[in-house]
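Take a look at the structure below.
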Amino acid sequence: MIKLYTFPPSTNSRKVRIALIEKGLEFERINVDLTKREQKASEYLKIHPFGQIPALDDEGFIVYDSTVINEYLEDEYPYPPLMPKDSEGRARARLMEDFRDSHFNPYLVHIIQEMRKPEGERDAARIDNAKAEITKAWDRIEKELNGKEYLAGAFSLADVAFMSNIELLDRFGIAVDAAQYPNTVAWIARLKARPSFAVSAQ
Ligand SMILES: N[C@@H](CCC(=O)N[C@@H](CS)C(=O)NCC(=O)O)C(=O)O
């Protein structure tokens, strides 16, 4: 059986949990407790050389990095598909996934880092900047969604990537203005309604 090295609050791990659930794949969750720095234990470093989660073990084949893992799952378990069939659609989906990984998720990480500090020590400017960058992302997402239900047309790994962040948006009270971003608000509601959203929480 597939084993996933994961931790419930980790968004990158959730990205893989969602893909596994969407593909109907059974998997064993192996918790790597980041609060105890278990990701840096020497045994775990044999699985993930950089000491991070997620990592996946498919009958002895080990792969790490959420984006690479999800691409592997798509190649190895193609049904139901989570990528468009045509090269242009696949490139668009990958661009949006990269946008989430490089220009969206990192700002949520900044907020998490600040919120972990005692209230008086938080860097308010860093939080404000992160929130502004996240709002900027809605501009792009709104345009991408024009005339489409999901980022690449049908539900894809691009949506999976953003879906893993939705709970944090709620937790930090980052609302999306429905008047300015109607496509984005409807898309978020669509993502939340997918059974994999609730099931992937742990
Ligand atoms: N590019 C990697 C990033 C993985 C990553 O940042 N994982 C975080 C949890 S979401 C982690 O393991 N943090 C602990 C650490 O870096 O020591 C991926 O997408 O899998």
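Here, each number is a calculation from the coordinates, and none is a lab measurement. In this text, all values refer to a predicted model and were calculated from it rather than measured experimentally. When we count neighbours, we look across all protein chains shown, and the Cβ atoms used for this are built from the backbone with ideal geometry, even at glycine.
Dividing the helix sum by the residues of the chain, where each DSSP H run of 4 or more adds -39500 (n - 2.57), gives a mean residue ellipticity at 222 nm of -15500 deg cm²/dmol.
By the rule of a C-alpha distance below 19 Å, with chain neighbours fewer than 8 residues away ignored, the lysines paired with K46 are K3, K36. Legend: Rg and Dmax of the range 2-76, from Cα coordinates, 11.3, 34 Å.
Once the GluC sites (Glu not before Pro) in DSSP loops with at most 16 neighbouring Cβ atoms within 10 Å are cut out of the chain, the longest remaining piece is 60-148. The convex hull built on the alpha-carbon positions of the chain has an orientation-averaged projected area of 11.8 nm². When M163, M83, M1, M96 are sorted by how many other C-beta atoms sit within 10 angstrom of their C-beta, beginning with the fewest, the order is M1, M83, M96, M163. Remark: spin-label model distance Q202-Y79 equals 3.1 nm, labels positioned 7 Å along the Cα→Cβ axis.
Taking trypsin sites (Lys or Arg not before Pro) across the range 67-119, the ones in a DSSP loop with at most 16 further Cβ atoms lying within 10 angstrom of their Cβ are K85, R116. Sites listed here are chymotrypsin sites (Phe, Trp or Tyr not before Pro) in the range 1-100 whose DSSP assignment is loop and whose Cβ has at most 16 other Cβ atoms within 10 Å: F50. As a proxy for reagent exposure, W138, W187 were ordered by neighbouring Cβ count within 10 angstrom, fewest first; the result is W138, W187.
Fewest neighbouring Cβ atoms within 10 Å first, the residues H48, H110, H103 line up as H103, H110, H48. Applying a threshold of 21 Å to the alpha-carbon distances of K148/K192; K85/K148; K23/K136; K23/K85 flags K23/K136 as lying beyond it.
Here r is the Cβ-Cβ distance between I62 and D170 and R0 is 25 Å; the resulting FRET efficiency, rounded to 0.05, is 0.15.
Using R0 = 25 Å, the C-beta based FRET efficiency linking R122 and A179 works out to 0.25.
Volume per residue for the range 87-199 equals 101 cubic angstrom (convex hull of Cα atoms).
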